[in-house]
Amino acid sequence: MKVLVVGSGAREHALAWKLSQSPSVKQVYCLPGNAGTAQVATNLEGKVDDLDGIVSVALAQAIGLVVVGPEDPLVRGLVDKLRAAGIHAFGPDSTGARLEGSKSFSKELMREAGVPTAAFRVFTQADEAERYVREAKRPLVVKADGLAAGKGVVVAQDTQEALAALHLIMRERAFGEAGDTVVIEECLQGQEVSYHIVSDGERYVALAPAQDHKRVGDGDRGPNTGGMGAYSPPPVVTPDVERKILERVVEPTLATMKRRGTPFRGTLFVGLMIHEGEPMVLEYNTRFGDPETEVIMARWDGDVLPLLLGSARGDLRGVETRWAAPSALCVVMAAAGYPGSYAKGREITGLDRVSSDAVVFHAGTSQQGEQIVTSGGRVLVVTATGDDIDQAAARAYAAVSSIQFEGAQHRRDIGHHARSR
Ligand code: AMP
Ligand code: GLY
């Protein structure tokens with residue numbers, strides 16, 4: 001079968017890489033892909049927000065399965081359109097994607113399902129939201145309801161910061177209509193983890209837990225990013241914590257979606273805060289995490305097609321998870337200035353010197369003649385497996401040290417919660 005992966009980051013490179021190893025996959029395409037996906041797949045021109053264009057390409061290339069990476073096309077209904085055209089698509093339809101696309105929808109579903117999460121209020125009027133914040137007198141988290149490219153959430157230390165966030169979101173409308181509704185919630189303490197399951201609407205398959213590192217700097221300092229590195233498994237997710245995540249979060253969420261007549265198909269990626277062994281939900285995402293996918297795919301044993309196709313077709317029976325390596329860890333190499341403004345077009349060297357015990361997924365690269373150059377903030381995601389996190393980290397960091405581009409920055413402490421040195 002031919003498979004099309006939609007997106008252009010390291011998540012899509014990792015998915016395309018794994019799919020290209022499937023004995024049942026004849027050809028992998030990426031739209032639009034990057035210089036890394038071109039090594040394992042055929043890149044097709046197109047834009048991820050051109051939904052009709054993607055349907056046409058899938059029909060023209062006789063694609064058997066489309067795997068959608070990013071959230072925007074999911075929320076806008078790409079999977080609905082693909083299914084209407086008779087094409088198997090991995091990912092939720094636009095109703096399922098509202099779990100990520102609307103914070104108020106997701107919080108209300110959590111309330112209905114009895115899922116543990118921070119107490120919250122929903123506001124559509126700026127003056128009412130401001131009054132609530134002034135009277136609360138405690139740290140609060142202000143969230144734009146809709147998609148805001150990861151910038152719509154402010155963990156406010158005090159009233160002034162919360163008011164400033166409301167001003168930006170509701171009055172200046174920095175994120176457009178995504179900020180016409182806001183969710184204001186209690187601030188939670190603990191360790192953040194990423195928990196993914198894949199559902200077919202009836203059943204689900206749990207994937208290995210992972211932990212991302214969202215701040216740009218070592219010691220979890222500096223501004224938030226899309227993620228500077230990840231590893232799997234995080235020790236904070238003990239077997240008991242995992243059981244609670246499944247029983248209290250995953251199963252009630254899926255059951256509630258089904259009871260509403262909108263069974264969820266695709267990846268449910270739950271962002272959780274774990275405090276003293278108790279999981280609380282921060283958010284739902286309805287696509288694979290990036291860079292979590294890189295470590296999950298690195299650990300996945302064997303063919304990944306049955307998982308993705310089974311979910312798309314609504315039948316995951318017989319799909320089992322086996323982990324080829326006990327641990328995996330990835331380090332993001334980012335451009336200088338990221339997550340602020342950064343330069344593009346810097347030549348990348350040393351990719352050919354990376355040892356075979358690491359794999360380099362491309363996040364923001366493009367091919368310029370013979371050269372591979374930077375074209376994004378997150379540039380490369382250097383990934384390795386190991387018998388434990390220390391070994392995976394040693395291999396990943398050894399590979400990082402063989403790669404150069406001007407201004408490259410990376411965190412040196414990925415996996416610090418799990419590493420012994
Ligand atoms: P979200 O997009 O809702 O996951 O929020 C982005 C980031 O903000 C999360 O990854 C957390 O680091 C932080 N965050 C969100 N909600 C809360 C909360 N209730 N308490 C503390 N931190 C939060
Ligand atoms: N790494 C976090 C995310 O993909 O949202």
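The values are calculated or read from the model by the stated rules, or taken from the named source; none is laboratory data. Given the structure is predicted, the values throughout are model-derived calculations rather than measurements. Backbone-built Cβ (ideal geometry, glycine too); neighbour counts: all protein chains shown. The area values use the complete protein model at the heavy-atom level, side chains included, leaving out ligands, DNA and RNA. Shrake-Rupley method; radii C 1.70, N 1.55, O 1.52, S 1.80 Å.
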>> How much length would be gained if the chain were fully extended between Arg221 and Asp127, taking 0.36 nm per residue of separation minus their Cα-Cα distance, in nm to one decimal?
In response: 30.6 nm
> Roughly what percent of Cα-Cα pairs across segment 217-272 reach past 12 Å?
Replying inline: 76 percent
>> For Lys143, Lys81, Lys344, give me the order by solvent-accessible area with a 1.4 Å probe, most accessible first, ignoring ligands, DNA and RNA.
In response: Lys344, Lys81, Lys143
> Tell me, what % of the accessible area of segment 154-272 is carbon and sulfur with a 1.4 angstrom probe?
Replying inline: 48 percent
> Can you tell me the accessible area per residue over segment 253-405, all protein chains present, probe 1.4 angstrom, in square angstrom?
Replying inline: 37 Å²
>> Averaged across orientations, what area in nm² does the convex hull of the alpha carbons in the chain project?
In response: 19.4 nm²
>> Taking the Cα centroid of segment 268-320 and of segment 82-107, what is the distance between the two, rounded to the nearest whole Å?
In response: 16 Å
> If you take the beta carbon distance between Ser20 and Ala255 as r and set R0 to 41 Å, what does 1/(1 + (r/R0)^6) give as a FRET efficiency, to the nearest 0.05?
Replying inline: 0.70
> Stretched out fully, how many nm does the piece from Arg243 to Glu406 gain, at 0.36 nm a residue minus the Cα gap?
Replying inline: 54.2 nm
> Using a Cα distance threshold of under 14 Å, what count of lysine pairs results for the chain when pairs must be 8 or more residues apart or interchain?
Replying inline: 8
> Percent of accessible area on segment 321-369 owned by carbon and sulfur, 1.4 Å probe?
Replying inline: 45 percent
> Measuring from centroid to centroid over Cα atoms, what is the spacing of segment 202-261 and segment 117-172 in Å?
Replying inline: 24 Å
> Between Ala60 and Gln191, what FRET efficiency comes out of the Förster formula 1/(1 + (r/R0)^6) with R0 = 30 Å and r the beta carbon distance, rounded to 0.05?
Replying inline: 0.05
>> Please state the shape class of segment 158-273: rounded when a/c is under 1.5, otherwise prolate if a/b exceeds b/c and oblate if not, all from the C-alpha gyration tensor.
In response: oblate
> Distance in nm between label sites at Ser94 and Ala174, each 7 Å beyond Cα in the beta-carbon direction?
Replying inline: 2.8 nm
> Efficiency by 1/(1 + (r/R0)^6): what FRET value for Glu161 and Arg83, r their Cβ-Cβ distance, R0 = 41 Å, to the nearest 0.05?
Replying inline: 0.40
